[in-house]
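The values are calculated or read from the model by the stated rules, or taken from the named source; none is laboratory data. Note that the coordinates shown come from a computational prediction; the quantities given were computed from them, not determined experimentally. Heads up, the Cβs are rebuilt from the backbone with ideal geometry, glycines too, and the neighbour counts pull from every protein chain shown.
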Amino acid sequence: MKPFPSTATNSDPLSPGSEGVRVRGYTALTTETRSRLPESSPPSPRPSPPQSRGRGRRSARVAIVCGIAVFVLAQATFNAAVRNGWLPLNDPVFEEKFAMLERHRDFFAGHSPQPRVLLLGSSRSHLGFDARQFGETTHTLAFNFGTPGGGPLTNALYLRRLLAAGVRPDCVLLELHPALMAGELEGHWLGGYRLRPGEPDRLAAFGHDAGGVPHLGWQGWLTAAYAYRLPALNRYAVRWLPCPFGLTLGIDNDAYGFVEGVELPPNEQPTALRRTLIQYAEPLGHDTLNESAERALRDTIAMCRERGIAVTAFITAEATPLRAAYRPDANRAFEEFVNTLGVPVVRSRECVPDEMFSDGHHMMRPGATLFTNELAKAYEATRR
């Protein structure tokens with residue numbers, strides 16, 4: 001086999017005298033040969049004309065301005081839609097109940113053939129007061145406006161909203177919730193997105209700090225999407241909420257605002273009761289009542305008196321272990337406060353047997369029937 005021809009003077013391509021070797025048509029340069037070649041440098045970029053650079057900067061500025069404008073317009077549109085009721089996201093808890101109440105047109109009429117009875121309260125009453133049963137027993141038109149977490153602060157705001165909307169009850173059944181009269185538990189439920197213009201000031205007059213509610217001012221034109229994110233998810237994508245069951249009870253309400261409580265078997269009730277005691281740990285640790293709750297409840301009674309609306313207050317029913325968890329001083333303070341209200345009070349705290357609660361404070365169907373009958377008897381006694 002013939003070797004490849006070479007044009008080098010030395011057969012060793014790496015020897016000092018070699019300038020290169022041709023291998024299959026390619027020349028391999030030696031180190032010496034490479035050192036004699038001029039170093040190459042990348043070509044210098046051609047400078048852009050000043051006019052092109054100016055157009056690029058202007059395009060960037062236009063893009064930024066357009067992005068800001070689109071953001072502001074979207075936020076403003078969303079805010080206007082919520083404020084004007086085009087999107088039902090401003091306090092879905094209230095709106096759900098109010099939409100049901102609107103179907104009972106006699107509540108909005110100047111005169112009704114039947115006395116109109118409106119209950120204001122928390123989920124205890126929501127699940128414990130069968131307004132249809134009450135109405136049939138007392139020959140009245142009754143509606144349950146109980147809402148999750150609705151204590152004295154919430155009830156004071158809701159009564160004002162209802163009266164402003166034209167609701168004309170003849171009597172208000174007003175819940176007295178021992179746990180929500182102490183501590184700050186209700187404030188955790190009454191989020192800023194549930195408040196309307198003027199209501200933070202109303203709460204401040206009671207002594208309650210509602211926290212930051214910028215969406216009710218001019219900042220709302222820039223922060224509405226964030227402020228109403230929870231009610232938006234509640235309505236359109238409830239499974240994305242931290243609580244996948246939503247903020248309201250929706251179709252579980254009957255036509256008169258009542259929801260039947262969950263029927264738990266006896267072996268599961270102790271576990272549910274322990275969860276309740278954990279939930280109420282903060283208010284159960286107080287010896288006195290919350291002054292803002294006291295003021296709010298008195299405000300509700302005063303508002304009813306100004307409008308000529310009768311008020312009957314009632315104490316929510318509780319199971320024995322939950323009643324025993326309150327501090328003695330707190331119970332005394334609660335009783336003293338109740339005695340100063342100047343309205344009839346149904347002392348129904350012990351009227352429901354323990355086995356009729358699912359978790360120590362939410363009644364199951366038999367408990368709701370019994371509790372409703374107690375309120376019906378007390379209401380009829382006030383009419384004699």
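Just a few scattered comments:
- Residue among 330, 313 that alone is more than 22 Å from residue 126 (Cβ to Cβ) and not hydroxyl-bearing (Ser, Thr, Tyr): 330
- Top-ranked residue in the stretch 128-149 [being of a type outside the set (Val, Ile, Thr) and out of contact with any strand residue (DSSP E or B) (no Cβ under 6 Å at 6 or more places or on another chain); ranked as nearest to residue 380 (Cα to Cα)]: 139
- Selection within the stretch 348-364: residues that are surrounded by 14 or more Cβ atoms within 10 Å (Cβ to Cβ) and either within 16 Å of residue 375 (Cβ to Cβ) or hydrophobic (A, V, I, L, M, F, W, C) (or both). The member of this set that is farthest from the chain's Cα centre (by Cα) is 351.
- Sole exception among (1) at pLDDT 95 or above; (2) more than 20 Å from residue 182 (Cα to Cα) for residue 383, by number: (1)
- Just so you know, in the stretch 365-375 the residues that are touching a helix residue (DSSP H, G or I) at 6+ places or on another chain (Cβ under 8 Å) and either surrounded by fewer than 21 Cβ atoms within 10 Å (Cβ to Cβ) or modelled with pLDDT under 95 (or both) include one that is farthest from residue 277 (Cα to Cα), and it is 373.
- Positions within the stretch 58-111 being charged (D, E, K, R) and either closer than 22 Å to residue 163 by Cα or at pLDDT below 75 (or both), in sequence order: 83, 91, 95, 96, 97, 102, 103, 105, 106
- Filtering the stretch 280-310 to residues that are over 25 Å from residue 201 (Cα atoms), in contact (Cβ under 8 Å) with a residue 60 or more places away in the chain and not in a loop (DSSP other than H, G, I, E, B) leaves 282, 284, 310.
- Residues in the stretch 142-189 that are in contact (Cβ under 8 Å) with a residue 60 or more places away in the chain and of a type in the set (Phe, Trp, Tyr): 143, 145, 158.
- Residues in the stretch 332-369 that are in contact with a Pro (Cβ under 8 Å, 6 or more places away or on another chain) and not in a loop (DSSP other than H, G, I, E, B): 334, 354, 355, 356, 367.
To keep it simple, each residue is scored yes or no on (1) aromatic (Phe, Trp, Tyr); (2) over 18 Å from residue 129 (Cα atoms); (3) in contact with a strand residue (DSSP E or B) (Cβ under 8 Å, 6 or more places away or on another chain); (4) surrounded by 19 or more Cβ atoms within 10 Å (Cβ to Cβ).
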residue: 310; (1), (2), (3), (4): no, yes, yes, no
residue: 321; (1), (2), (3), (4): no, yes, no, no
residue: 340; (1), (2), (3), (4): no, yes, no, no
residue: 346; (1), (2), (3), (4): no, no, yes, yes
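- Within the stretch 349-384, being under 14 Å from residue 140 (Cβ atoms) and of a type in the set (Asp, Glu) holds for one residue alone: 380.
- Considering residues of the stretch 107-160 that are among the hydrophobic types (A, V, I, L, M, F, W, C) and surrounded by fewer than 19 Cβ atoms within 10 Å (Cβ to Cβ) only, the residue nearest to residue 279 (Cα to Cα): 108
- Which listed residue is modelled with pLDDT of 85 or more and out of contact with any Lys or Arg (no Cβ under 7 Å at 6 or more places or on another chain), from 207, 211, 166: 166
- Any hit, the stretch 96-113, residues being closer than 30 Å to residue 178 by Cβ, touching a helix residue (DSSP H, G or I) at 6+ places or on another chain (Cβ under 9 Å) and acidic (Asp, Glu): yes
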